[in-house]
Amino acid sequence: MNTMTTAAGLKIDWTQMPTYNTVMALAGGAGLLLVVALGWYLVKGKPVVPEAWALAYGALGFVLLVTGTHMTLTWPLAGQGFPFDNIIFGEPCLIFGVLLSAAAMLLWKRGAALAEAGTGEDRLLAVSRLAAPISVFVFGAGLACLGIAAAGWKYTLFAAPEEEPISGEFADHPWVEASFMSSLYVLLGVGALLFPLALRRRAGWSLAAVGVCWTLAGLAFLAFGGLNYFTHIGLIVNTM
């Protein structure tokens, strides 16, 4: 990142600092909540309109796939500033975007059969058989999220400069935002690690734990992404 500190404070060359983890957080949070919501519909045997879920997953998957791919393959995205952002934000969004897009295609083509599967147990059995192979990748993504969380705590990543509104109030205490964001990645990771077990048992504590972890993380990412539209705009204005 081409930055300089002057008497007026931090200055950033924003032509060398693309920033769009705002929409990533927004789409990621919404995607997590919709994954849990569809799971709840299936468990409870509620009526499902597959095309509606396919559209939602497809739209969110497209956003995450495009932004995640660009951030992952453009090394480093932010010039000489934060190359670890490619790993922290780009790669998880790419993974989630691929998974949501695959789910969207499946629901569009085979969703009717799933909706007509009968009881909630029949639906869960059908979903578990379809998702069992990809659950290995989800489990690996969970390990990656725990690795990101550990790095966030060890190196106090995620800390905002004092020029950023709201988040910048904790600039002198970088462990605050590092702990908050790392905790979200722990929730993502724990849910992903339990996902294969939840598919196998299709009931009990593992299924509930995945739902709780991803719901809490989804709500936090959705709210944090929305908030960042103000804080990031403020950071840009304050450092131009």
(request) Select from the range 178-221 the residues that are in a helix (DSSP H, G or I), small (Gly, Ala, Ser) and free of Cβ contacts under 8 Å to residues at least 40 places away in the same chain and list them in ascending order. (result) ALA178, SER179, SER182, SER183, ALA198, SER206, ALA208, ALA209
(message) When the residues of the range 121-154 are narrowed to those that are free of Cβ contacts under 8 Å to residues at least 60 places away in the same chain and in a loop (DSSP other than H, G, I, E, B), which ends up farthest from GLY234 (Cα to Cα)?
(response) PRO133
(message) Quick test of your reading of the structure: LEU99 fulfils all but one of (1) over 27 Å from PHE180 (Cα atoms); (2) surrounded by 18 or more Cβ atoms within 10 Å (Cβ to Cβ). Name the failing condition by number.
(response) (1)
(message) Restricting to the range 46-78, count the residues that are assigned to a helix (DSSP H, G or I), under 28 Å from LEU124 (Cβ atoms) and touching a residue at least 12 places away in the same chain (Cβ under 8 Å).
(response) 13
(request) Kindly list the number of the only condition in (1) touching a Pro at 6+ places or on another chain (Cβ under 8 Å); (2) of a type outside the set (Val, Ile, Thr); (3) within 30 Å of LYS11 (Cβ to Cβ); (4) surrounded by 21 or more Cβ atoms within 10 Å (Cβ to Cβ) that fails for TRP75. (result) (4)
(request) Quick one: in the range 155-173, of everything that is over 22 Å from the mean Cα position of the chain (by Cα) and part of a helix (DSSP H, G or I), which residue is surrounded by the fewest Cβ atoms within 10 Å (Cβ to Cβ)? (result) GLU169
(request) Just name the residue that is nearest to the chain's Cα centre (by Cα) out of those in the range 79-96 that are surrounded by fewer than 19 Cβ atoms within 10 Å (Cβ to Cβ) and of a type in the set (A, V, I, L, M, F, W, C). (result) ILE87
(request) Select, from PHE221, PHE230, the only residue that is modelled with pLDDT of 95 or more, within 20 Å of VAL23 (Cβ to Cβ) and surrounded by 20 or more Cβ atoms within 10 Å (Cβ to Cβ). (result) PHE221
(message) Taking the condition of being small (Gly, Ala, Ser), modelled with pLDDT of 95 or more and in contact with a Gly (Cβ under 9 Å, 6 or more places away or on another chain), how many residues in the range 16-45 meet it?
(response) 6
(request) Give the residues of the range 46-63 that are at pLDDT 95 or above and closer than 30 Å to GLY204 by Cβ, sorted by residue number. (result) ALA52, TRP53, ALA54, ALA56, TYR57, LEU60, GLY61
(message) Criterion first (of a type in the set (A, V, I, L, M, F, W, C), farther than 30 Å from ALA160 by Cβ and in contact (Cβ under 8 Å) with a residue 60 or more places away in the chain) does PHE224 satisfy it?
(response) no
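The values are calculated or read from the model by the stated rules, or taken from the named source; none is laboratory data. Since the structure is predicted, the reported quantities are computational estimates derived from the model, not experimental observations. Cβ atoms come from the backbone with ideal geometry, glycine included; neighbour counts cover every protein chain shown.
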